[in-house]
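To start, the structure under review is shown below, and the notes come after it.
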Amino acid sequence: MITPAVWVRPIALGDHGQWRRLWDGYNAFCGREGPTALDETITRQTWDRFFIASDPVKAFVAVMNEQVVGLVHTVYLPSTTRLHDVCYLQDLFASALVRGQGIGRALIERVYAEARSAGCSRVYWTTFEDNQTARRLYDRMTHYNGAIMYAKAL
């Protein structure tokens, strides 16, 4: 079987509808749907931030057969342990219809390239401990350093 080419590019205003379907899918995967769904204001703010050049939040989409099939969001931030900024890969999601076809890898590779170009010294991200499918990919892309994330909503 021949897999169609995947193209990863910066998000564009015209991507909103396709991005929104993926964003909703990602949030559902993370347990943010129905009564626990993100407030619509957060989604609007997230979308708007992608188009503010000075904002540290960036977004890329994976395109296959002229359809947006994956998304990745990043945040650039200073580090207390490095001389150069770091890149936090905050959100990564591919449509269930195209999983296993290199979408996640292509998105991560684009983040690596963009972070390198921006002068970052590291890209890092988190995932759920039981997300074995994603972890198989991540283990091929980098190494697990044993870190566990704690978070408290304020």
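Anyone know which of 14, 119, 25 comes out most mobile in the 10 Å Cα GNM of the chain? The residue that fluctuates most here is 14.
Calculate the FRET efficiency for residue 53 and residue 20 from the Cβ-Cβ distance with a Förster distance of 30 Å, rounded to the nearest 0.05.
Details: r = 22 Å, r/R0 = 0.74.
Plugging the Cβ-Cβ distance into 1/(1 + (r/R0)^6) gives 0.85.
Largest accessible area first, the listed residues 47, 7 line up as 7, 47 when surface is computed with a 1.4 Å probe on the assembled protein chains. Along the axis of the charge dipole computed for the chain (Cβ charges of +1 for Lys and Arg, -1 for Asp and Glu, origin at the Cα centre), the listed residues 86, 72, 16 are led at the positive end by 86. Here the Gaussian network model covers the chain, with springs between Cα atoms less than 10 Å apart; of 132, 101, 67, 132 fluctuates the most.
Taking amide H as placed 1.01 Å from N in the peptide plane, residue 91 has its amide H under 5 Å from the amide H of 73, each at least 5 places away in sequence or on another chain.
Might you report the magnitude of the Cβ-based charge dipole of the chain about its Cα centre, with Lys and Arg at +1 and Asp and Glu at -1, to the nearest 20 debye? Intermediate results must be reported in sequence, preceding the final value.
Details: 17 positive and 15 negative charges, 77 e Å.
Dipole size: approximately 380 debye.
State the label only: which of [x] 64, 18, 14; [y] 22, 20, 18; [z] 28, 18, 16 corresponds to semi-axes √(5λ) of the Cα gyration tensor in Å computed from the shown model? Correct label, based on the coordinates given: [y]. For residue 8, nonlocal amide neighbours, meaning residues 5 or more places apart or on other chains whose placed amide H falls under 5 Å from its own, are 63.
Taking the helices alone, the chain has a mean residue ellipticity at 222 nm of -10000 deg cm²/dmol, built from -39,500 (n - 2.57) per DSSP H run of at least 4 residues and averaged over all its residues.
In whole percent, and with a 1.4 Å probe on the protein chains, what portion of the accessible area of the range 91-145 is carbon and sulfur?
Numbers: 1650 of 3480 Å².
The value for the range 91-145 is 47 percent carbon and sulfur by accessible area.
If each residue of separation counts as 0.36 nm, what is the full-extension length gain between residue 127 and residue 9 once their alpha-carbon separation is subtracted?
Working: separation 118, 0.36 × 118 = 42.48 nm, distance 2.32 nm.
Between residue 127 and residue 9, full extension yields 40.2 nm more.
The values are calculated or read from the model by the stated rules, or taken from the named source; none is laboratory data. A quick note: this is a predicted structure, and the numbers were derived from the prediction, not measured. As a convention, Cβ positions derive from the backbone with ideal geometry for all residues, glycine included, and neighbour counts pool all protein chains shown. Keep in mind that these areas ignore ligands, DNA and RNA; they rest on the heavy atoms of the full protein, side chains included. Shrake-Rupley method; radii C 1.70, N 1.55, O 1.52, S 1.80 Å.
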